Amino acid sequence: MASILLLLATQGIILSQELALKSKYAYSTPALDAAQQLYSQKKYPEALAAFEAIIAEAEAQQNYEEVVYAMEKKALALRRLGRYDGAVSTMDQAILLAKGNLPGDHFLISKMYYTRGSTDHILRDYYDARAYMDTAQIYYENASTYDSTAHYRIMEYKYYAYQYSEGSPDTLLKYLDKLVFLEKARNGSPNRVSNLLQGYPTIFIQKGDFSQALAYAIQAYRFAIENKDRISTRYFVEAQFYLTQVLFYRRDFKRALDISKEAVPFLESTPIDQMPEYYSFNNLIGLIHMSLGDSKTALEYFKVASEIPLGVGDMSNQRQNSLFQARQMINLGLCYESLGQMEKAKTYLEGSLIKMKNLMTSPSPNLHDNYEYLGDFYSREAKLSDAITSYDSALRNGLSSFDGGILDFPSTSKTVNYSFVDLRTLSKKAESLKRQGVKNDFDKKYLLAAKKYVELTAQVLLKNREEFLESEGKLFLSENFKRLYETGISTNYELFRLTKDRRFFENAMSFARQSKAILFLEQSHEFTLVNNNFISPSLKEEFFNSKSNIERLQRAFYELINVSVTGDSILSLNEELLKARLDNENIKKRIKEELRGFDRGEAFFEGLLQNEAMGKLEEGQALIEFFFGVDHVYILGRDFENIAFHRVEIDSSLLSSLNSVITLTSRAPKVKNIQEEFEEFSENAFFLYRALIEPSLKDLDGSIDRLIVVPDEILSRLAFGALVQNLNGSENSFDQLQYLLLKYKFQYLLSSELYGNRKATRNASGQLLGIGFKESTSVHEGYSMGSLPGTEKEIAFLQSSISGTYLPNGTKKDFLNKARDYDVLHLAVHGKADSSSRYESSLIFNGASDNVLNTNDLYLAGLQARLTVLSACESGRGQINQGEGTFSIARGFALVGIPSIVMSLWKVNDKITSEMMVDMYDNFVNHGVAINDALHDSKLQYLGSGDEYSAHPYYWASFLHLGEDIMLDNGDNLFKDYLWYVLTTIMSGAILYVVIRRKRKRA
């Protein structure tokens, strides 16, 4: 309860100060008491007549306090009688009378706005309810008297009004914090506190931050456990429901099912009229089973959920149940579709829409989902015209200002508030427009409309990314909108095929760049916030120490959660994690405040959003950018004047060849299987060359000798230089294969947007920092890390070739303290790829503790280097996610601004690595060769002496060059000046020696 306790401490002071300065409001007369008695006895017609008589008499006496007070009571009686128009009219008159005849600080003005807003809330007019409650709060805070119950009710209605009208999650959190505080301050019931605590996971689900949602759901569940004897079964099950819901949204379906099974006995043993969650919980369990592929079991739960009674309770409750049943019909439709019963599916989906339209006044955001799910169904059935119409209707209900034609895009005006759901629907409509254009004999009208939809949706996505983007990529926009960019590229591909207009190729390149650039923005967001000279070093360190603490707690949290979601250990650790996150958010606020002091607002980040064209290619260079879609790989190539635009179907042959080549290159060959491996590798490597590279090369200049590759998704694990460009049947061993490396130099980029748009300049004073790995005592995840003897050879060579600092036993602390002062970083240490976590790929330094460096640690280093050489295993490998590429430690160095990186894709042989590193540095340092050429030449040198076994790509293809090609003396002449100084000194000494010798001879 760390965050809630903190809230109580701060807001408790405010409340005590308020009560000390104000007296409680009270007003009563015998006539009002008698009328109120009738109201309490539910004799509403009699109460109404009594209040009207009081109003008439008070008006005659011009007692406006009593008039206003009685008018509010009259409105409440009218509401009870279902006469809402009369209640609204009465309250509008009461507000005018109160403002015109009572002092401005009178409590009743606030009360009138509150009752008017609560009436709108009952009528489901949540936007108006918000406005009236906002005004009620302002008048309450300025009132000369107080009423704690009234204040609580204002905050309660504000919270729910903002929730139901899709208010800002941050605003919702603010009001929920106040509600929880007020409830505890007045010693409210544990049932109510438990109910309010469920609001936190709901808000964070809305924000897309499922990790935070899980933490708060566990916190609420802990409260329910600790107060099990004081809360009803209903609220205990509610806590289980929200915990299950969060696990479902996190796609942790098995654990969600486990928690739901714990709740089922309570659900079944409690009378349904005492268990409002009964039907929604059955619906949730059905969704879990459906997600696990068990549609038959899911159907049974959905049927139970759809039996919710419709004629029970007041009008509001009946309407809510009808809405639930209408939405439940969507789940039944999707379930029947998954079971192959398409007619039933269509009947339920269309029936749900009809039922919803009877309950709603169109247009209404509440109809959006119905139209979207119906559009999804039509799309899967290839009924594209119906799909387009359905998606269009979804948008018109979600965006009230949309009034154009069916091929038109909604307004991009800043006044239009696009939700995450709206963007998702825009993406789906764009894809359906594109498919309809292809279906209609490549109808340009539809294709151009699809192209426009993608362009403008992408603009809105970037413009509103701050609203959608959660720290550490919780929403991962690149993943959610990968399909949008694929639609853009595929649409331009079809238009290019039709017209050969180069502009469509350029548009496709732009979409490919954007798909990778938005990921870069997501990952670099916090680094960009902190990596500047406007905030103090102590605040930076405080921020990143806070981040490190969160990471430490998160690792422990997810290890424990594998054992139990609700165990005592996880409940305690969860409180620490919530407090750590709250502390981190407070530090971020302080950083933003400091930046505002330097007039560095949102414009501070705008430079990242500029979609600049890539730098110009030189003769002999070609760039090939890949986009790995759902159905096709799109290949966009260009040289200094030619372009190439191709696509390859993602079928079993392509996937099988990729898996084969990546697997065979990343493991050491076995002598006894060498011939079998050769045959499998050569066949698949040649297949991939013909599928992925050859078509583009045929369209580009024949004199190309350097390929700049921008891979995507699984292609980022492929060493393109190891592909085979020709196979005539005469080859019998690995040393006879015609690898692409023999003809082309390879340079890799995270995005073509980064090519040529930044020139690395020398900023660090030191030349090179080299860190080796010698200690066998180093430990990582409980395992001893063996020494790397080959690193001694690398370090020794560098020491003899270039000035710098060399630490054969260097630690993580050494790196963080020293690295910022050097131009070149050489890290010959262990590397570890993490295939399960986006940010846990790491480097392992010497030392028995605190020896693991991951991406977030790099933020503290303040690196200024132009080149980092990661002579470590798997430094370029990590988890691959749709739309996001590989999350490797090498990408981490790129995120913090290192322009040039040498990395490895798989665990490498220590001896051969050290030999290749020495050869690379010999070319780079002693012969003035650029780093890309130096690495390429070292591979050629190795292959030149290879045999049928050692020429296997496992030994030489792992290391790649990522980023800008630099030379050691690029941007300064320090090294040349150093050599010139040495040579000048030697020559001066020699001349002086000759002169002295001659003088002595003469003497």
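The values are calculated or read from the model by the stated rules, or taken from the named source; none is laboratory data. Worth saying up front: this structure is predicted, and the values here are computed from it rather than measured. Cβ sites come from the backbone with ideal geometry, for glycine too, and all protein chains shown count toward neighbours. These area figures cover heavy atoms from the full protein model, side chains too; ligands, DNA and RNA do not enter into them. Shrake-Rupley method; radii C 1.70, N 1.55, O 1.52, S 1.80 Å.
Among the residues making up the range 922-941, those that are in a helix (DSSP H, G or I) and over 16 Å from T868 (Cβ atoms) are D922, N923, N926, D933, H936, D937, S938, K939, L940, Q941.
If I filter the range 847-861 for residues that are of a type in the set (D, E) and at pLDDT 65 or above, do I get at least one hit? There is at least one residue in the range 847-861 that is of a type in the set (D, E) and at pLDDT 65 or above.
Before we move on, is Y221 farther than 24 Å from M133 by Cβ and either modelled with pLDDT of 90 or more or crowded, with 22+ Cβ neighbours inside 10 Å (or both)? Spelling it out, Y221 is indeed farther than 24 Å from M133 by Cβ and either modelled with pLDDT of 90 or more or crowded, with 22+ Cβ neighbours inside 10 Å (or both). In the range 274-313, how many are open to solvent by 50 Å² or more (accessible area, probe 1.4 Å), in a helix (DSSP H, G or I) and either free of Cβ contacts under 8 Å to residues at least 24 places away in the same chain or among the aromatic types (F, W, Y) (or both)? Here the count works out to 2. Looking across Y140, Y152, one residue alone is touching a Phe, Trp or Tyr at 6+ places or on another chain (Cβ under 9 Å) and hydroxyl-bearing (S, T, Y). It is Y140.
Within the range 338-381, how many residues turn out to be hydrophobic (A, V, I, L, M, F, W, C) and free of Cβ contacts under 8 Å to residues at least 12 places away in the same chain?
2
Condition check ((1) modelled with pLDDT under 95; (2) part of a helix (DSSP H, G or I); (3) assigned by the TED database to the domain that holds E575; (4) surrounded by 14 or more Cβ atoms within 10 Å (Cβ to Cβ)) across all residues:
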| site | (1), (2), (3), (4) |
| --- | --- |
| I4 | yes, yes, no, yes |
| T10 | yes, yes, no, no |
| S28 | yes, no, no, no |
| K42 | yes, no, no, no |
| A53 | no, yes, no, no |
| Q62 | yes, no, no, no |
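Scanning the range 778-832 for residues that are open to solvent by 20 Å² or more (accessible area, probe 1.4 Å), modelled with pLDDT of 70 or more, under 20 Å from I889 (Cβ atoms) and not basic (K, R) returns L807, T811, D814, L816, N817, Y822, H830.
Results for (1) touching a residue at least 12 places away in the same chain (Cβ under 8 Å); (2) open to solvent by 30 Å² or more (accessible area, probe 1.4 Å); (3) not hydroxyl-bearing (S, T, Y), shown as yes or no for each residue.
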residue	(1), (2), (3)
K616	yes, yes, yes
F626	yes, no, yes
D631	yes, yes, yes
G637	yes, no, yes
N642	yes, yes, yes
S653	yes, yes, no
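Inspect all residues belonging to the range 377-399 and state whether any of them is among the aliphatic types (A, V, I, L, M), in contact with a Lys or Arg (Cβ under 9 Å, 6 or more places away or on another chain) and open to solvent by 20 Å² or more (accessible area, probe 1.4 Å). Yes: the range 377-399 contains one or more residues that are among the aliphatic types (A, V, I, L, M), in contact with a Lys or Arg (Cβ under 9 Å, 6 or more places away or on another chain) and open to solvent by 20 Å² or more (accessible area, probe 1.4 Å). Give the range 931-959 a look and list any residue that's within 18 Å of D705 (Cα to Cα) and without any contact (Cβ under 8 Å) to a residue 40 or more places away in the chain, or say none. Passing the criteria: A934, L935, D937, S938, Q941. Just need a number here: residues in the range 415-436 that are free of Cβ contacts under 8 Å to residues at least 40 places away in the same chain and open to solvent by 50 Å² or more (accessible area, probe 1.4 Å). Residues flagged as free of Cβ contacts under 8 Å to residues at least 40 places away in the same chain and open to solvent by 50 Å² or more (accessible area, probe 1.4 Å) within the range 415-436 amount to 2.
Only one of the listed residues (A161, A143, A131, A136) is surrounded by fewer than 19 Cβ atoms within 10 Å (Cβ to Cβ) and among the small types (G, A, S). That residue is A131.
So which residues in the range 701-730 are among the charged types (D, E, K, R) and open to solvent by less than 20 Å² (accessible area, probe 1.4 Å), if there are any at all?
D712
Whether a residue is within 22 Å of L935 (Cβ to Cβ), surrounded by 13 or more Cβ atoms within 10 Å (Cβ to Cβ), under 35 Å from the mean Cα position of the chain (by Cα) and hydroxyl-bearing (S, T, Y) was assessed, and Y739 does not pass this test.
Residues in the range 78-96 that are buried (at least 16 other Cβ atoms within 10 Å of the Cβ), assigned to a loop (DSSP other than H, G, I, E, B) and touching a residue at least 40 places away in the same chain (Cβ under 8 Å): there are none. Go through the range 897-914 and give me each residue that's in contact with a His (Cβ under 9 Å, 6 or more places away or on another chain) and of a type in the set (S, T, N, Q). S900, the sole residue that qualifies.
With respect to L334, is the statement that it is more than 18 Å from S280 (Cα to Cα) and either part of a helix (DSSP H, G or I) or basic (K, R) (or both) true?
It is false that L334 is more than 18 Å from S280 (Cα to Cα) and either part of a helix (DSSP H, G or I) or basic (K, R) (or both).
Looking only at residues of the range 607-624 that are at pLDDT 90 or above and touching a Lys or Arg at 6+ places or on another chain (Cβ under 8 Å), we find that the one that is nearest to A512 (Cα to Cα) is L623.
One residue stands out among those in the range 224-240 that are touching a residue at least 40 places away in the same chain (Cβ under 8 Å) and in a loop (DSSP other than H, G, I, E, B): the one that is least open to solvent (accessible area, probe 1.4 Å), which is I231. For the range 894-931, the set of residues classified as touching a Ser or Thr at 6+ places or on another chain (Cβ under 7 Å) and among the aliphatic types (A, V, I, L, M) consists of L895, I898, I901, M903, L905, V908, M916, M917, M920, V925, I931, listed by residue number.
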